[in-house]
Amino acid sequence: MVRQPLTAEQIAAGQHLGAALRAARAGRSLVEVALAAGISPETLRKIEAGRLPAPAFGTVVCLSQALDVPLSDLADIWLADMPIRQAS
């Protein structure tokens, strides 16, 4: 299976998600949060820097729990950059 390249909107959404996660981390270390979420510090570093703009759903769920940020808030941040899709 060939993965489709991310759109500019998806890349922007990932950058905003990363910034929100970095802000939510506040005074906690990157390593502390990564370990609490069960991911590698390098993965969290890439997400926060926007170099991994579409992290796996499970990763976002674990970060949501580790940072005590409602998953719906993270979804809203990611969706804010996405064009509105019309129902067919």
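The values are calculated or read from the model by the stated rules, or taken from the named source; none is laboratory data. Just so you know, these numbers come straight off a predicted model, no measurement behind them. A quick note on method: Cβ atoms are made from the backbone with ideal geometry, for glycine too, and the neighbour counts reach across all protein chains shown. The area values use the complete protein model at the heavy-atom level, side chains included, leaving out ligands, DNA and RNA. Shrake-Rupley method; radii C 1.70, N 1.55, O 1.52, S 1.80 Å.
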Computed over the chain: longest principal axis from alpha-carbon atoms vs helix 8-25 long axis, angle to nearest 10 degrees, is 20 degrees
Ignoring ligands, DNA and RNA, what percent of the 1.4 Å accessible area of the chain is carbon and sulfur? 59 percent
Heavy-atom accessible area per residue - the stretch 1-68, 1.4 Å, Å²: 58 Å²
If you wrap the stretch 1-56's Cα atoms in a convex hull and average its projection over all directions, what's the area in nm²? 4.1 nm²
Report the longest stretch of the chain that contains none of the trypsin sites (Lys or Arg not before Pro) sitting in a DSSP loop with at most 14 other Cβ atoms within 10 Å. 52-84
